[in-house]
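**Q** Take this structure, written in structure tokens, and hold onto it; I'll ask about it next.
Coordinate-derived values only; no laboratory data. All values reported here derive from a predicted model rather than from experimental measurement. We place every Cβ from the backbone using ideal geometry, glycine too, and count neighbours over all the protein chains shown.
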Amino acid sequence: MRRGLLAVVILGLLVAAPAAAAAAAATIALPTLLAKQIHAIKGNAKAPPLLLPPALPLDAKHLYPTGGPLGKRYDIEIGAVKNCGGANACFVADFTAEPGTTVFGKRVTVTGAAKAAFTPLSCGASCSPPQIVFIVHGIRYTIQANLKKTAKGDRATLISAAAAAITAGPR
């Protein structure tokens, strides 16, 4: 009887371990992934301060970052294939910043932000991933991402990501 119970416990652990590893791997360390883009933005005197959450649970197996500073703004995109170019089929995430004081969507509270708003996934002719827009020192930051489904949900996950970006401070 004990051997049978022991076998069931071991089998349960063997099945649970890959699931736990997959869940842990689902959260992407953004500073590591985006090191090249961060370096380019930090090297541009006109670009706004780079606020980036330490990690996000992105819904993609392969991640290919592009982008950088564009005058007084920056745009960093992550695609699921090389040279995605923002196409819906391969879009994973986008991080932008530019001077501005208006937000669009449902107002939410983000610790450290003057204003913030969340827009959920919306679909029409094509789908637009959920996003959060938040204002810090006159700069409008946007995080838009196809997220892995978590217990927190898209809204809470993006609010936490914005607060974590502010807490981490400029990269």
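**Q** Could you work out Rg/(2.2 N^0.38 Å) for region 117-171, with Rg from alpha carbons only?
**A** In units of the globular-protein estimate, region 117-171 measures up at 1.20.
**Q** Which length gain, in nm to one decimal place, applies between Ala114 and Lys72 when the Cα-Cα distance is subtracted from 0.36 nm times their residue separation?
**A** 13.1 nm
**Q** Would you compute the Debye intensity of region 78-133 from its alpha-carbon atoms alone, equal scatterers and no solvent, and pass along log10 I(q)/I(0) at q = 0.17, 0.26, 0.28 Å⁻¹ to two decimals?
**A** -0.68, -1.09, -1.14
**Q** Can I ask one more? Among Cys127, Cys90, rank each residue by its count of other Cβ atoms within 10 Å, from fewest to most, as a rough exposure measure.
**A** Details: Cys127 11, Cys90 18.
Neighbour counts put them in this order, fewest first: Cys127, Cys90.
**Q** For the pair Cys123/Lys106, report the inter-label distance in nm, with labels modelled 7 Å from Cα in the Cβ direction.
**A** Each label point is offset 7 Å from its Cα along the Cβ direction, giving 1.9 nm.
**Q** Okay, next question. For region 27-168, what does the equivalent ellipsoid look like in terms of its semi-axes, each the square root of 5 times an eigenvalue of the Cα gyration tensor, given largest first in whole Å? Walk me through the numbers before you get to the answer.
**A** Details: eigenvalues 81, 75, 41 Å².
After scaling each eigenvalue by five and taking roots: 20, 19, 14 Å.
**Q** Residue by residue through region 138-153, what is 3J(HN,Hα) from phi via Karplus (6.51 cos²θ - 1.76 cosθ + 1.60, θ = phi - 60°)? Round to whole Hz and write x for glycine and proline.
**A** x, 10, 8, 9, 10, 10, 10, 7, 7, 9, 5, 5, 10, 5, 6, x
**Q** Here is a follow-up. Return the sequence-ordered ³J(HN,Hα) values of region 157-171 in whole Hz as given by the Karplus equation 6.51 cos²θ - 1.76 cosθ + 1.60 applied to θ = phi - 60°, using x for Gly and Pro.
**A** Per residue, the Karplus-derived 3J(HN,Hα) values read 5, 6, 4, 4, 5, 5, 4, 5, 5, 5, 4, 5, x, x, 7 Hz.
**Q** Take Ile143, Ile132, Ile28 and order them by how many other Cβ atoms sit within 10 Å, fewest up front.
**A** Ile28, Ile143, Ile132
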